[in-house]
1. Six or more apart or on different chains, Cβ under 7 Å: which pairs go from a residue in region A:313-325 that's at the interface with chain C (Cβ under 7 Å from one of its Cβ atoms) to one that's at pLDDT below 90? Could you list them?
2. I need the full set of residues from region A:108-120 which are without any contact (Cβ under 8 Å) to a residue 60 or more places away in the chain and surrounded by 15 or more Cβ atoms within 10 Å (Cβ to Cβ), in order please.
3. Only one residue in A:A69, A:A123 is farther than 17 Å from A:P177 by Cα, outside the structural domain of A:R392 (by TED's automatic domain parsing) and surrounded by 15 or more Cβ atoms within 10 Å (Cβ to Cβ), so which one is that?
4. Select from region C:214-238 the residues that are in contact (Cβ under 8 Å) with a residue 40 or more places away in the chain and at the interface with chain B (Cβ under 9 Å from one of its Cβ atoms) and write down the one among them that is surrounded by the fewest Cβ atoms within 10 Å (Cβ to Cβ).
5. When you scan region A:408-420, do you find a residue that is within 18 Å of the chain's Cα centre (by Cα) and farther than 30 Å from A:N330 by Cβ, even just one?
6. Of B:L96, B:L147, which residue is of a type in the set (A, V, I, L, M, F, W, C) and either within 14 Å of chain C (Cβ to nearest Cβ) or outside any helix (DSSP H, G or I) (or both)?
7. Scan region B:120-128 and tell me whether some residue there is within 14 Å of chain C (Cβ to nearest Cβ) and farther than 18 Å from B:V35 by Cβ.
8. Yes or no: B:T155 within 24 Å of B:D112 (Cα to Cα), of a type in the set (S, T, Y) and crowded, with 22+ Cβ neighbours inside 10 Å?
Amino acid sequence: MKFSTPGSTQESELKAGLSDYNLDILSRKRAGLIWRLIFQASTIVGIIALMILILNIINSAYGYTALKAKVDPDTLAVEGVPLEEQNHGQLVAVLQSHISGPAYKKLDNEKPFSERSEADVRALVIARVVRLQVEKTWNLWDSLSKSGEINTEVARDYPDAELRFTSWLNSDFINRPQTSEPVTAGIRTAIYGSLWTILFTVLVAFPIGVGAAIYLEEYATDTWINRLIQTNINNLAGVPSIVYGILGLAIFVRALEPLTSGQIFGIVDPTTANGRTVLSAGLTLGILVLPLIIINAQEAIRAVPVSLRRASYGIGATKWQTTWSHVLPNSIPGILTGTILAISRAIGETAPLVVVGASTAISFDPASPFSKFTTLPIQIYQWTSRPQDEFRALAAAAILVLLMLLLTLNAAAILLRNRYSGRF
Amino acid sequence: MMRIYNKKGIQEQRETMARKTFENELQKVKDAVLVLGSMVEQSILDSVAALKKRDLKASERIFEQDKQINQKRFDIENQLMILIATQQPMAHDLRLLASTMEIISELERMGDYAKGIANINLRMGDQPLLKPLIDIPRMAQKGVDMLHRALTAFTKEDVELAKSIPVEDDEVDALYNQVYRELMTFVIQDPKTMERANWLLWVAHNLERVADRVTNICERTVFIATGVMAEIKSTDDEFWERQKKE
Amino acid sequence: MQQNIETTEKPELVIETRNLNIFYNDFRAVSNVNMSVKRHRITAIIGPSGCGKTTLLRSFNRMNELVPGSHAEGEVIFDGQNLYDPMVDPVEVRYRIGMVFQIANPFPKSIYENIAWGARIHGYRGRMDGLVESCLRQAALWDEVKDKLNQSGLALSGGQQQRLCIARALAVQPEVILMDEPASALDPIATLKIEELIQELKKNYTIVIVTHNMQQAARVSDYTAMMMLSDAQRAGTVIEYNETNIIFTRPQDKRTEDYVTGRFG
């Protein structure tokens, strides 16, 4: 019996000896270390950029303000009752007596005074009559580091003004409707506008998006037309949002005006007689985020293990039974994650809404799908485009609110997702 | 590379690296069986030679050899058990291991026959042989020869060779009959020779059984190689069948 | 290894393939298979990796169709009906011929739901609690899980999960159960439990099992089909089909011999 024995000449030539290896572990580790440092540096740069952004916003949102009242509030006392204690009727009277007739009528048209709350009317009096005006603002850094200089500057340049440390982000700011005066301006209408718009965005995009994803993943066969559809969806996700705005303007605002303005339902909002409504905005944003939701839902559905589908088919389940009982419940966390991303994108969109016709200045809250509206990003955009510093401070405060709103929505969606995925 | 024998006992070389360790172990088992076989052959020849020379010392040595044969058989059996437990033999390997178990048991019995012959020599004490031994050594030589070739057939898994051996059992049977008749003549002439004739008849009987057991080894060899378990018929069997029918 | 096949009673054929070829697009994975599966017997399919064992098994309940581009030529006769007849609904095929997979894949639901779901989708109207208990008992799992039927099926050990999958397959009362290497991911004790269970199930079901553990095939099966890539077409085919004790003691084909003795190189 002749086994080929190891150690024949050929094999020993092939066999590598210790000297053939260059065990330079140190230099290998060094190369790794250099790469690690590069990656760390990238992370640090990113974090620093984010920090600068947020600090910059906070820096603008707080600081000293020199304020001057156009009409001294003390002169507005009626029968010795100061402004702060006047009732609804007295406030309306003060307002009526201090502003022009047409202006009063316009306010009454937007929302009858009888329906407005006392606080609302008092805010209007302060905004339209007292008209506190900002002479100059300083940012947080200057306010903290150079308060002495600021004091002397105010005393010298604005003798009538009162120097106040202002937090532009405060509960009044969130609760007040929008006005043209920076001191009394608020973002309540914008917050409601954003929430309404997002509601319709989700109502439109979520069911359609998930439905399309299910069709594409579970039912569509690999034909050229389905591949074309898939490619188009992927491409649509990258189309500039302004294009969706133009589409929304053409379709929802113009072509479908009877629907989006509520005419066919007979509930036309008195403030809008056209299609520039919350509904149009919601539909437009819905179309905008639809590809995102479809792609993310497809990913989630694709991530459901094949073994689970096989198990289901293996006991004779139909395609729909498999999809409904196993694929969907197991992909819901992923689908929700995709939806969170989509909402985050929609809530920050400005351009398409400008095109669709978001109002830039309204002082009442949207009350139905057919109301005029404005949204936070629009408000921010409008304020930042104003030359005065105080508007920039307002914009910073609004940005903080927008960020918080985003975080809240995300947190809610994450909680929802964890509840689903943690079931088993 | 491994060794494979085709059914004609010709070695084939096949390129396979699988189960090299197991192959080596199987080869070791076969080698051990050959060693055991040659020990048995030696023992048979020695026992008959001792009887022929009435050498009691030599017969005592047979007992010692038998102990070694038994020990060797247990060693091989143990080796087989380990292989069955650890290697999960299937098909040919399983047949080889299971049959080897049987073959070593046969060899051990043959060793016992040699011991029996040695025992008879000792029991005979100082009594002379009834007659000079001629056919009995011939029977021993024939049986050992058959055993030797049977073990060759076993290691080579040579079916043709294995099938050709049992026929030769007839020669041993013929010698046995001749010894039997001869001894009967002595007994009839002088009934006092009964005991000494009986001893020699025992010896012849033991040697006849050796040849029978060789047949068993051949049958096992055929089974290992082909998977067919069947008795190989010799004319002896046919004779008995004819007797039964009549 | 001896399975005591009662040769006196001739087992009835349940599945029979006639010149079965299975393709993935243009690639022929399985070629010209003619074999049969006998009622209340365990049929094992063995062979080296990649020879089409699983493909052949899946063709018995048309699970192959879930792989895009796969199609079959030839016939698989089940109960006198060609399964690949255009009139036959794969859903019904899979209802009558169940399947257990290589890696235990219980639904991410409770133990109870794992079994009840299959029965429910097929419109089971009987007492669900009784059905769940009976299936778990048949799968030798009842005693281990009876106090935690509402726990997740994924919380069980690997072997228990696989038995749960077998119980799940039983819930729809199939005639044949196909098992694709059901114990390959389990430890030896869990494997033996599954094998014991398969022996029990044989009384009421017909079982086809794919395994590359030859000892397992030898231990559990009554009949064995040996598959191998045929040299001519590089497609898997059954090279020997016989009673298990013959395959493992005296196979007729040299390739089977080499494979079962571990010398397949």
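1. Close Cβ pairs satisfying both conditions: A:Y313/C:L66.
2. Hits for region A:108-120 are A:D108, A:F113, A:R116, A:D120.
3. Unique residue meeting the criteria: A:A69.
4. C:M214
5. no
6. Within the list B:L96, B:L147, the selection yields B:L96.
7. Pass one, region B:120-128, residues within 14 Å of chain C (Cβ to nearest Cβ): none.
No, region B:120-128 contains no residue that is within 14 Å of chain C (Cβ to nearest Cβ) and farther than 18 Å from B:V35 by Cβ.
8. Spelling it out, it is not the case that B:T155 is within 24 Å of B:D112 (Cα to Cα), of a type in the set (S, T, Y) and crowded, with 22+ Cβ neighbours inside 10 Å.
The values are calculated or read from the model by the stated rules, or taken from the named source; none is laboratory data. Everything numeric here is computed off the predicted structure, so don't read it as measured data. Quick reminder, even Gly has a Cβ in these numbers, built from the backbone with ideal geometry, and neighbours come from all protein chains shown.
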